[in-house]
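K.L.:
Before anything else, here's the structure in question.
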Amino acid sequence: MGEDKGAGAAEIAKADRYSWYALGVLVLVCVLNFVDRQLLTILAVDIKRDLAITDSEFGFLYGTAFGVFYALFGIPLGKLADRYARTRLLSLGLALWSGMTALSGLSRSFVQLGAARIGVGVGEATAGPCAYSMLSDYFPPRRRATAIAIYSAGIYLGGGVSLFIGTSIANAWNKAFAGGTAPLGLAGWQAAFIAVGMPGLLLAMWVRSLREPIRGRFETVRPADVAPSEAWKGFVRDLGTIVPPFTIFAAARRGSRALLVNLAGMAVAAAIGALLTIWLGDVVQWIALGIGGYAIFSWACSLRHEDRAAFDVIWASPSVVGLNVGYGLISAVSYASSAFGPLYAMQSFGISAGKVALVVGGSGAAGGALGVIAGGALGDRVAGATQHSRRVLVVIISTILSTIPFAAMLVTNSPTVFLLSVFPTWFLLSAGLGSASGTMVNIVPSSMRATATAAFFLGATVLGLALGPYAAGRLSTAFGSLRLGLGLMMALFPIALAVLYMAWKDCLRREANAIRA
């Protein structure tokens, strides 16, 4: 009997070690994810000059072109991750976005770079749902927020590393080929994209070697297995729920009433997009967001008809909706700062690109990585396995505190004060992600975890990435001040806190009902 217990303990220890090893590999994936995504920012000056684009167009490239398609494909890919081997799906997505990053280096126009960014967005849409779902099966509930927070630290490490890598490669290339003899006539920023994209193909093979964790391993009820062929058939069907124009055919199959509702939603999205284009210009921005808004509407209608349980979890739960919208609005401020922070430092304080990469990138990466881990660990510590409302409080409090150093960065005229404010700003902003994501994976059923995660990223992407950088760039262009453009983004904080409060109240209600039951 003693030997059996000893053997069982050894197996558990071995499984735990493998879980931490898998987490380490997934952190590398997350780092590369955000290196590829963030590289654009440190190369902004050269890209804007060579492609002759404005701040608002740059905001579109950084945010909307990537974000809308990331969001659109995130839903069907998230549902696929709930049915198909996640290690395989993630390796395929990693290979796709790495290849498209390399192709970004061959872009010669705004349109070509925009198309490559769309491809990066589609590939990266596999990362979050697969990783969150896998980590929830590698780690028990009491450790999930910590594990996901460590994974999410890759966001900030990747963002910071990308600044250093981008400037180093671009400067070395431009220096080596100063006489205009560069291969294929490539500029330094183009060489940086190619060099960063290629290693991802090797990492994709490493990811493919990971062991697929048992789905629902720590849950009382485990979801049924789905045959790979059925999973892919489901993916094709799910494309029709959110990716235009397949949405029209999917609605028609549900009946004439559903088709009319779908077409009405399309007409409303088109009308709003047309009005915003007349008012603000930037037609490609509003076409992309119009497509995104219509697609989300189509998905919600389809989900309500075909999977009412998932609809109730994602669209009818105040806690889930509050987290998605609240963190999405916080992300708008974060992504705007990521997109224009390096440019702001160079323009407002005369800090060189190399110093921005080293100091701003390094401080932001350290603050973000430590903050997201601290936020997740604190959420786990105060909430345990059942008190999820306390995790939401961590998000609310860290967001309120982040406004202090963020405001200091924007009002100061001192380069020293600006640089000293970078670390605490990113530490506090990222602490919210650690607890918000930990709350999400713990309040939804395991069978819907990847889909709910995709919906979480939908809010962070459409509200945060597709609107945040564009809005900051548009305000900067309109007022002629990047400082003012970034400062006005702080108006989103009160709205975010209001909906997070709604999520907190709903979590309290859930906990009270669980005690009474």
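K.L.:
What about residue 373, is it in a helix (DSSP H, G or I), without any contact (Cβ under 8 Å) to a residue 12 or more places away in the chain and either touching a helix residue (DSSP H, G or I) at 6+ places or on another chain (Cβ under 7 Å) or among the aliphatic types (A, V, I, L, M) (or both)? Don't jump to the end; show me each part of the working.
P.N.:
Working: in a helix (DSSP H, G or I): yes; without any contact (Cβ under 8 Å) to a residue 12 or more places away in the chain: no; either touching a helix residue (DSSP H, G or I) at 6+ places or on another chain (Cβ under 7 Å) or among the aliphatic types (A, V, I, L, M) (or both): yes.
So residue 373 fails the test.
K.L.:
Still on this structure, I have one more. Taking residue 338 and the conditions (1) in a helix (DSSP H, G or I); (2) surrounded by fewer than 24 Cβ atoms within 10 Å (Cβ to Cβ); (3) in contact (Cβ under 8 Å) with a residue 24 or more places away in the chain; (4) in contact with a Pro (Cβ under 9 Å, 6 or more places away or on another chain), which numbered condition does it fall short on, given that it satisfies the others?
P.N.:
Result: residue 338 passes all but (2).
K.L.:
For segment 310-327, which residues satisfy the criterion of being among the small types (Gly, Ala, Ser) and in contact with a Ser or Thr (Cβ under 8 Å, 6 or more places away or on another chain)? Steps first, answer last, please.
P.N.:
Of all residues in segment 310-327, those among the small types (Gly, Ala, Ser) come to 310, 316-317, 319, 322, 326.
Hits for segment 310-327 are 310, 319.
K.L.:
Could you please find all residues in segment 32-88 being among the basic types (Lys, Arg), modelled with pLDDT of 85 or more and under 20 Å from residue 470 (Cα atoms)? I'd like the intermediate steps shown before the answer.
P.N.:
Going through segment 32-88, the residues among the basic types (Lys, Arg) turn out to be 37, 48-49, 79, 83, 86, 88.
From what's left, modelled with pLDDT of 85 or more: 48-49, 83, 86, 88.
Once the filter is applied, which keeps residues that are among the basic types (Lys, Arg), modelled with pLDDT of 85 or more and under 20 Å from residue 470 (Cα atoms), segment 32-88 yields 48, 49.
K.L.:
Turning to a different aspect of this structure: What residue, among those in segment 128-169 that are aliphatic (A, V, I, L, M) and within 22 Å of residue 60 (Cβ to Cβ), is surrounded by the most Cβ atoms within 10 Å (Cβ to Cβ)? First the steps, then the outcome.
P.N.:
Start the filter on segment 128-169 by keeping residues that are aliphatic (A, V, I, L, M), which leaves 131, 134-135, 145, 147-150, 153, 155, 157, 161, 163, 165, 169.
Then drop every residue that is not within 22 Å of residue 60 (Cβ to Cβ), which leaves 155, 163.
Numbers: 155: 23, 163: 28.
Filtering segment 128-169 for residues that are aliphatic (A, V, I, L, M) and within 22 Å of residue 60 (Cβ to Cβ), the one surrounded by the most Cβ atoms within 10 Å (Cβ to Cβ) comes out as 163.
K.L.:
A follow-up question, please. For segment 497-514, check the following and say yes or no: at least one residue is in a helix (DSSP H, G or I), over 18 Å from the mean Cα position of the chain (by Cα) and of a type in the set (Val, Ile, Thr).
P.N.:
Going through segment 497-514, the residues in a helix (DSSP H, G or I) turn out to be 497-514.
Now drop any that are not over 18 Å from the mean Cα position of the chain (by Cα), which leaves 497-514.
If we keep only those that are of a type in the set (Val, Ile, Thr) as well, we get 499.
Yes, segment 497-514 contains a residue that is in a helix (DSSP H, G or I), over 18 Å from the mean Cα position of the chain (by Cα) and of a type in the set (Val, Ile, Thr).
K.L.:
Would you mind stating whether residue 36 is surrounded by 19 or more Cβ atoms within 10 Å (Cβ to Cβ) and in contact with a helix residue (DSSP H, G or I) (Cβ under 8 Å, 6 or more places away or on another chain)? Step through it out loud before you land on a result.
P.N.:
Working: surrounded by 19 or more Cβ atoms within 10 Å (Cβ to Cβ): yes; in contact with a helix residue (DSSP H, G or I) (Cβ under 8 Å, 6 or more places away or on another chain): yes.
Here the answer is yes, as residue 36 does meet what is asked.
K.L.:
Please verify whether residue 116 is at negative phi and free of Cβ contacts under 8 Å to residues at least 60 places away in the same chain, treating the condition exactly as stated. Show your work before the answer.
P.N.:
On the way: at negative phi: yes; free of Cβ contacts under 8 Å to residues at least 60 places away in the same chain: yes.
In short, yes.
K.L.:
Taking interchain pairs and intrachain pairs at least six residues apart, which have beta carbon atoms under 9 angstrom, with the first residue in segment 231-243 and not in a helix (DSSP H, G or I) and the second not charged (D, E, K, R)?
P.N.:
Going by the 9 Å Cβ cut-off, the qualifying pairs are 243/72; 243/73; 243/75; 243/76; 243/295; 243/298.
K.L.:
Then there is this: From (1) without any contact (Cβ under 8 Å) to a residue 60 or more places away in the chain; (2) surrounded by 13 or more Cβ atoms within 10 Å (Cβ to Cβ); (3) under 27 Å from residue 138 (Cα atoms), pick out the condition that doesn't hold for residue 223.
P.N.:
Single failed check for residue 223: (1).
K.L.:
Pairs needed: first member in segment 187-201, in contact (Cβ under 8 Å) with a residue 60 or more places away in the chain; second member anywhere, surrounded by fewer than 24 Cβ atoms within 10 Å (Cβ to Cβ) and acidic (Asp, Glu); C-beta distance under 9 Å; at least 6 residues apart or different chains.
P.N.:
What qualifies is 187/46; 187/50; 188/46; 189/46; 189/50; 190/50.
K.L.:
Report whether or not residue 416 is out of contact with any His (no Cβ under 8 Å at 6 or more places or on another chain), surrounded by fewer than 24 Cβ atoms within 10 Å (Cβ to Cβ) and outside any helix (DSSP H, G or I).
P.N.:
Numbers: out of contact with any His (no Cβ under 8 Å at 6 or more places or on another chain): yes; surrounded by fewer than 24 Cβ atoms within 10 Å (Cβ to Cβ): yes; outside any helix (DSSP H, G or I): no.
Answer is no for this residue.
K.L.:
Something else now. Restricting to segment 442-451, name every residue that is surrounded by 23 or more Cβ atoms within 10 Å (Cβ to Cβ), under 15 Å from residue 148 (Cα atoms) and among the aliphatic types (A, V, I, L, M).
P.N.:
450
Listed here are the residues, each with its yes/no results for (1) of a type in the set (Gly, Ala, Ser); (2) closer than 20 Å to residue 391 by Cβ; (3) touching a helix residue (DSSP H, G or I) at 6+ places or on another chain (Cβ under 6 Å).
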{"position": "468", "(1), (2), (3)": "yes, no, yes"}
{"position": "471", "(1), (2), (3)": "yes, no, no"}
{"position": "508", "(1), (2), (3)": "no, yes, yes"}
{"position": "513", "(1), (2), (3)": "no, yes, no"}
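K.L.:
Does any residue of segment 401-411 turn out to be buried (at least 24 other Cβ atoms within 10 Å of the Cβ) and at pLDDT below 85?
P.N.:
Within segment 401-411 (the criterion being buried (at least 24 other Cβ atoms within 10 Å of the Cβ) and at pLDDT below 85), the answer is no, since none of the residues qualifies.
K.L.:
Here's a follow-up. What residue, of 95, 44, 71, 65, is closer than 27 Å to residue 245 by Cα, surrounded by fewer than 24 Cβ atoms within 10 Å (Cβ to Cβ) and not aromatic (Phe, Trp, Tyr)?
P.N.:
Details: 44 fails: closer than 27 Å to residue 245 by Cα; 71 fails: surrounded by fewer than 24 Cβ atoms within 10 Å (Cβ to Cβ); 65 fails: surrounded by fewer than 24 Cβ atoms within 10 Å (Cβ to Cβ).
Going through 95, 44, 71, 65 in turn, the sole match is 95.
K.L.:
Condition first: assigned to a helix (DSSP H, G or I) and exposed (fewer than 14 other Cβ atoms within 10 Å of the Cβ). Now tell me which residues in segment 173-198 satisfy that.
P.N.:
Step one: of segment 173-198, the residues assigned to a helix (DSSP H, G or I) are 173-176, 183-185, 188-197.
Within segment 173-198, 175, 176, 183, 184, 185 meet the criteria.
K.L.:
Restricting attention to segment 112-122, does a residue exist that is closer than 17 Å to residue 235 by Cβ and surrounded by 19 or more Cβ atoms within 10 Å (Cβ to Cβ)? Steps first, please.
P.N.:
Of segment 112-122, the ones closer than 17 Å to residue 235 by Cβ are 122.
Still in the running and surrounded by 19 or more Cβ atoms within 10 Å (Cβ to Cβ): 122.
Among the residues of segment 112-122, at least one is closer than 17 Å to residue 235 by Cβ and surrounded by 19 or more Cβ atoms within 10 Å (Cβ to Cβ), which makes the answer yes.
K.L.:
So which of 254, 215 ends up being charged (D, E, K, R), in contact (Cβ under 8 Å) with a residue 60 or more places away in the chain, surrounded by 13 or more Cβ atoms within 10 Å (Cβ to Cβ) and within 21 Å of residue 76 (Cα to Cα)? Give the steps one after another, and end with the answer.
P.N.:
Details: 254 fails: in contact (Cβ under 8 Å) with a residue 60 or more places away in the chain.
The match here is 215.
The values are calculated or read from the model by the stated rules, or taken from the named source; none is laboratory data. Treat the numbers as computed from the prediction; the structure is a model and nothing was measured. For neighbour counting, all protein chains shown are included, and Cβ atoms are generated from backbone atoms with ideal geometry for every residue, glycine included.
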